[in-house]
């Protein structure tokens, strides 16, 4: 299974991007990492480890099993915040998927993932339009202003007709009736 | 919800849960909107009449008792039966309409019916001047549409399975479907058809897909799959999120799991 890990340093000024290929056994194999800033190491989920680099470098990624070689870049962030994510644009290494190589770019603004783009995907793929439309679920805990999140509809495990009365969806429906 | 847009919601209780239709835009009170919403609810009630396992006179109940053959039932039954077989193949048995030992497509029908009714009756509203968006949610699964050229985006909240009334995450959708399966509302009611035992590894799985039929099937499959996320690269889903039995959150997009790790 493919996995991309974005690591962001909350306390140090550096930034570490980790990209790992996770095998079907659940063992993570680090492919490449690049760090801007100095003296930083990090650990991502799955026990991958990062290496230090110099500011502003672009590192050519190495290929591992099932993953294509790609270019890894990172931009430095400035403002730290409670979410632990630094502002900036993070571009991941291209990863092979069932339908071709995919490269993901994550934009963090105000400590929140504001965009996930897929700047590289297979040419001529019928999935292009779908990929462009999709969005990564945004954890409320990652946002600075969780309370101000404006919600239109609620997705959750199916409630009974009675459970609906206590549901958030019921409140949203009443607000629009 | 975006400011400046009029909005109206209709709610009906059907399929054992509540169905909500929201129409957004200045024409939300128009006769076109009213008629489309009524027709959409009517189609869902008709589906319920044919497929409800809780009605003795439904086609599905009569098939279970051996009083009716699938071929002799409403044509919808054969269509759904074939689609369930395809879903079982696509999910490698993680979804099945036969896990009880008899044909019970209840886990498939809601997503299929809402997708279908939305396409028949709500999609045409996107052509009506003054309507910018329309969405239908039935028991936590939804199909959302936005008029081309409109700036509207649906902000969907994903319920926190461990904290009732709270939202765990949000996802923005313009045109697509969001489905969530899990044990939060009704206990461990999803059975792994491959083993015949309740699936317990995942508290809640949310799948975003182009259509609700796929989103619903794969949200169920995700609960059954548990810790194994290998299915995401092959499934026709765009992104999603699941909460494990231990409370950890995992997310994916484009068939790739994405983790944000804060380094010490």
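Here, each number is a calculation from the coordinates, and none is a lab measurement. Since the model is a prediction, treat every value here as computed from it, not as a measurement. Backbone-built Cβ (ideal geometry, glycine too); neighbour counts: all protein chains shown.
With just the Cα atoms defining each centre, how far is region B:206-228 from region B:31-67? Give it in Å. Value for the Cα centre distance between the two parts: 24 Å. Exposure proxy for B:167, B:197: other Cβ atoms within 10 Å of each Cβ, ordered fewest to most, give B:197, B:167. Neighbour counts of C-beta atoms inside 10 Å place B:110, A:86 in the sequence A:86, B:110, starting with the fewest.
Would you order A:109, B:254, B:20 from fewest to most other beta-carbon atoms within 10 Å of each residue's own beta-carbon? All intermediate terms of the calculation are to be shown ahead of the outcome.
Details: A:109 14, B:254 26, B:20 23.
If I rank by nearby Cβ atoms, fewest first, I get A:109, B:20, B:254.
For chain B, a/c is not less than 1.5, where a ≥ b ≥ c are the root eigenvalues of the C-alpha gyration tensor, and a/b does not top b/c. That puts it in the oblate class.
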